[in-house]
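Notes follow the structure.
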There are 2 protein chains.
Amino acid sequence: MTAIQQAYNVYEDRCPTRLVLDRLADKWALLILDRLEGGPVRFNHIRRDIKGISQKVLSQTLRKLERDGLISRSIFPTVPVTVEYALMPLGRTLTDTVSALAHWAEKNMDAIVAAQRAYDQTHAA
Amino acid sequence: MTAIQQAYNVYEDRCPTRLVLDRLADKWALLILDRLEGGPVRFNHIRRDIKGISQKVLSQTLRKLERDGLISRSIFPTVPVTVEYALMPLGRTLTDTVSALAHWAEKNMDAIVAAQRAYDQTHAA
DNA sequence: TCACCTGGTTTCCTCCTGGAAACCGGGCGG
DNA sequence: CCGCCCGGTTTCCAGGAGGAAACCAGGTGA
């Protein structure tokens, strides 16, 4: 029995923890959270940095994260208008784990690719 | 600049780390990895435990994880046949982080739900 | 007046995910 | 011979995610 099951059962359908986990299991959200770790960033800056994300998806994901209380959205009446996104305290408690996950991916990338190659060879048609 | 960017740039398109992150950003994969932490488990056992997962998706996800070298698949010629899935060493290095993520979700679930409610009220139509 | 900046929203359309349910094969048990 | 167990695969299908691109608003400068 894992630590999680002691209190709730994540494996249960409709468990609220699952909903949270669903939201976290989103590559764009993870990348954005990681990107915000260094301080507030503006919309188009994120968009330029995270290659391949569309305007729509960035906007949607940011709003989800804001709704969850993980990030804040601040509007400055500069010209042109500036909108800054920043980690909220709640979000900051999460980035350690997110970073760890990204870190793990970076560190074990080679092993995974090697495993995939080995698998593909032995399971070839 | 975050730790990740020092070596690779996860934000770059086609970065291999992104592919790994994509795979990890999958609620079913995370749940399965968490479920396997306690030791080897059989196919139908996982299926029964993780409520709501379909046979197809479970099968697909397990094969992906196996291909990535994260879990192993062992067949025992019992009657009826027994198939056990277990964490590989590589997968075990990951479960700490996955558990942390699941833990975080459990711990901060209430805060998130509260944030959502507050957001929905202030942004109501 | 027109163009252009930011920071979006909306529309359209396509592809992929994932659910439901049927089917399968080996190996017994009755 | 039929049925049932496990551990899948296959088929069909509906819904949603997400990309591309157009549109929009407020404000400024030429």
* To do: Within segment B:45-63, track down each residue that is more than 10 Å from DNA strand C (Cβ to nearest atom) and open to solvent by 70 Å² or more (accessible area, probe 1.4 Å).
  => B:His45, B:Arg47, B:Arg48, B:Lys51, B:Arg63
* Which one of the conditions (1) out of contact with any Leu (no Cβ under 8 Å at 6 or more places or on another chain); (2) more than 7 Å from chain B (Cβ to nearest Cβ) does A:Arg67 fail to meet, given that it meets all the rest? -> (2)
* **Failed condition for A:Asn9, given (1) outside any helix (DSSP H, G or I); (2) touching a Leu at 6+ places or on another chain (Cβ under 6 Å)** => (2)
* Structure fact -> The number of residues in segment A:75-125 that are of a type outside the set (Phe, Trp, Tyr) and closer than 21 Å to A:Leu65 by Cβ is 24
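Per-residue answers, yes or no, for (1) over 27 Å from A:Thr122 (Cβ atoms); (2) not aliphatic (A, V, I, L, M):
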| position | (1), (2) |
| --- | --- |
| B:Ile50 | yes, no |
| B:Ile53 | no, no |
| B:Leu62 | no, no |
| B:Leu70 | no, no |
| B:Ser74 | no, yes |
| B:Thr82 | no, yes |
| B:Met88 | no, no |
| B:His103 | yes, yes |
* Residues that are of a type in the set (A, V, I, L, M) and crowded, with 18+ Cβ neighbours inside 10 Å, drawn from segment B:95-125 -> B:Val98, B:Leu101, B:Ala102, B:Ala105, B:Met109, B:Ile112, B:Ala115
* **Restricting segment A:41-57 to residues that are near DNA strand D (Cβ under 8 Å from one of its atoms) and either more than 12 Å from chain B (Cβ to nearest Cβ) or not β-branched (Val, Ile, Thr) (or both), the residue that is farthest from A:Phe76 (Cα to Cα)** => A:Gly52
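The values are calculated or read from the model by the stated rules, or taken from the named source; none is laboratory data. Everything quoted here is computed from the prediction, not taken from an experiment. Here the Cβ is made from the backbone with ideal geometry for all residues, glycine too, and neighbour counts use every protein chain on show. Keep in mind that these areas ignore ligands, DNA and RNA; they rest on the heavy atoms of the full protein, side chains included. Shrake-Rupley method; radii C 1.70, N 1.55, O 1.52, S 1.80 Å.
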